[in-house]
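These notes concern the structure reproduced below.
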Amino acid sequence: MSGPPPEAGWLNLLIGLLQGAQLWLLCLLDALGLSGQSHGQPAWPWAQRLSGENLLIDLGQARQLGLTLVVLAVALLVLLVALLWRRRRIWLATGAALLAALAPWPEASVVLVPAYPTSFHASPTGFTAGSIERGRTLYAAQCAACHGTNGRGHGPLASAQAVWPPDLGGPLLWRRADGDLLWHVMNGMRDRRGAQTMPGFGTALSDADAWALIDFMKAQGAGESLRAAGLWAQPIAPPDVTVQCGDKPPRSLSSWRGQRLRIIASELGRQASPLPDDPRLVTMLLAPQSTEVAPQSADCIATSPAAWAAFSLVAATTQLAGTQFIVDRDGWLRARGEPGKSAWSDDDLLCRSEQQPYAKPGERPLPPDGLGALIARMDAEPVRFVKGGYVH
């Protein structure tokens with residue numbers, strides 16, 4: 001999740017190139033009117049796509065693909081020279097063909113995975129508290145009977161299904177691209193023999209409903225992961241909400257991307273005592289309902305019942321008041337301080353790497369404890385999140 005291994009640099013670049021190339025191709029096809037539309041966005045026209053997730057697992061195949069791309073780039077350069085150098089054209093063109101033929105091509109079964117028309121769709125919701133709340137209602141009506149109220153797959157109708165419903169708190173949601181999730185929600189799922197294992201809900205849900213349902217399942221899955229394992233096994237963003245900062249115009253929580261945030265849940269919308277000013281963080285109070293807020297207690301405040309419920313879901317608690325969250329510069333929830341704790345500790349870092357923080361030569365060691373240690377470790381171990389094979 002974080003704490004980049006030695007391979008992270010070139011592997012992130014490789015996966016990013018694969019994703020960028022496919023998105024560029026899809027945009028080009030859409031501009032030429034060749035891609036068609038699916039659920040309001042350009043449709044991927046092929047039954048397969050390049051997968052970054054498999055390359056993350058199989059580094060040997062990733063190295064082969066990276067080397068192949070380098071060899072193909074050289075072959076293309078040689079071919080361009082051949083077009084300009086008439087006297088050596090045949091020899092250069094033959095050399096380019098040999099380079100392409102001798103490249104260490106990776107196994108197709110590793111690089112290529114099944115794709116759907118919606119595989120490259122992006123969620124339009126912004127993972128807002130309102131969308132999560134809307135998804136909560138839809139989940140209770142459409143999904144809880146099989147997947148269970150907590151998403152663990154133990155609903156009252158689970159045993160009657162051809163295949164037992166999966167645990168939505170596990171890695172299922174995080175391994176698949178959002179567009180693939182949309183396709184399965186709307187069209188259902190089938191096993192390798194073509195037998196239906198989950199019905200589609202395309203006739204019962206609109207596109208907006210399906211995206212809201214996916215948002216709720218992500219938030220619930222993050223909370224269930226925290227409840228079961230004591231950490232956010234996969235990165236989760238804070239639910240987005242409108243924030244008021246004094247007399248300034250309202251802005252969204254997500255607009256602080258690039259700055260660290262401290263979010264404090266307070267039922268009264270105020271702190272008993274002023275918080276010390278900390279230039280490393282933007283401090284925001286979260287309240288369940290509109291109320292006056294002491295100017296010196298925080299930089300900003302968000303008053304929203306939906307946001308209170310969404311953060312409770314992600315934090316796996318029914319007693320959110322007094323809970324604190326730290327959001328890193330990239331917009332990921334990284335730490336949670338439980339109510340009543342007087343100081344931060346390393347145990348509060350819930351989105352973390354199992355590796356020790358990497359220190360460059362000459363750098364000072366990380367502080368042993370406290371908020372400074374959490375901030376230093378978050379900066380030293382940025383989230384490296386691969387969803388659907390793409391680095392986020």
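The values are calculated or read from the model by the stated rules, or taken from the named source; none is laboratory data. Just so it is clear, the model here is predicted, and its values are computed rather than measured. Don't worry about glycine lacking a Cβ; one is built from the backbone with ideal geometry, like all the others, and counts go over all protein chains shown. Just so you know, the surface numbers come from the protein's heavy atoms only, side chains and all, with ligands and any DNA or RNA stripped out. Shrake-Rupley method; radii C 1.70, N 1.55, O 1.52, S 1.80 Å.
Here are the numbers for this structure:
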item	result
Apportionment of accessible area to carbon and sulfur, the chain, percent (1.4 Å)	58
Amide hydrogen neighbours beyond the local backbone of residue 240, cut-off 5 Å, H modeled	128, 129
Isolated Cys residues of the chain, judged by Cβ distance under 4.7 Å to other cysteines	27, 143, 146, 351
Inter-label distance, nm, simple model (7 Å from Cα along the C-beta direction), residue 98/residue 25	2.9
Peptides ranked, highest mean first, by Cβ atoms within 10 Å: ranges 374-383, 129-138	129-138, 374-383
Where 10, 211 fall by accessible area, highest first, once all protein chains stay in place (1.4 Å)	10, 211
Label-to-label distance, nm, for residues given as residue 206 and residue 190 (7 Å Cα→Cβ offset)	3.0
DSSP beta bridges in the chain [antiparallel fraction, %, rounded to 5]	70
Accessible surface, 1.4 Å probe, highest first, among residues 127, 325	127, 325
Nearest 10 degrees, 0 to 90: helix 371-380 Cα axis against the chain principal axis	10
Spatial extent of the range 129-229: Rg and Dmax, with the Cα atoms as the point set, Å	12.8, 39
Extension gain from residue 257 to residue 87, taking 0.36 nm per residue of separation minus the Cα-Cα distance	55.6 nm
For the range 150-155, Karplus couplings with θ = phi - 60° (6.51, -1.76, 1.60), whole Hz, Gly/Pro x	9, x, 7, x, 10, x
Volume per residue of the C-alpha convex hull in the range 73-157, rounded to whole Å³	189
Ranking by accessible area, most exposed first, for 248, 218 with a 1.4 Å probe	248, 218
Spin-label model distance (nm) - residue 338 vs residue 159, 7 Å beyond Cα toward Cβ	3.5
Correct choice for Kirkwood radius over Cα pairs in Å that was computed from the model, options (1) 23.6; (2) 21.9; (3) 24.3	(1)
The chain - accessible surface per residue (Å², probe 1.4 Å)	51
Per-peptide average of other Cβ atoms within 10 Å, ordering 249-257, 42-50 highest first	42-50, 249-257
D (Stokes-Einstein, µm²/s), Kirkwood Cα radius, the range 1-108, 1.306 mPa s at 10 °C	97
Equivalent ellipsoid semi-axes, the range 196-248, via Cα gyration tensor eigenvalues times 5, rooted, Å	28, 22, 6
Distance from the range 99-175 to the range 330-354 (C-alpha centre basis), Å	27
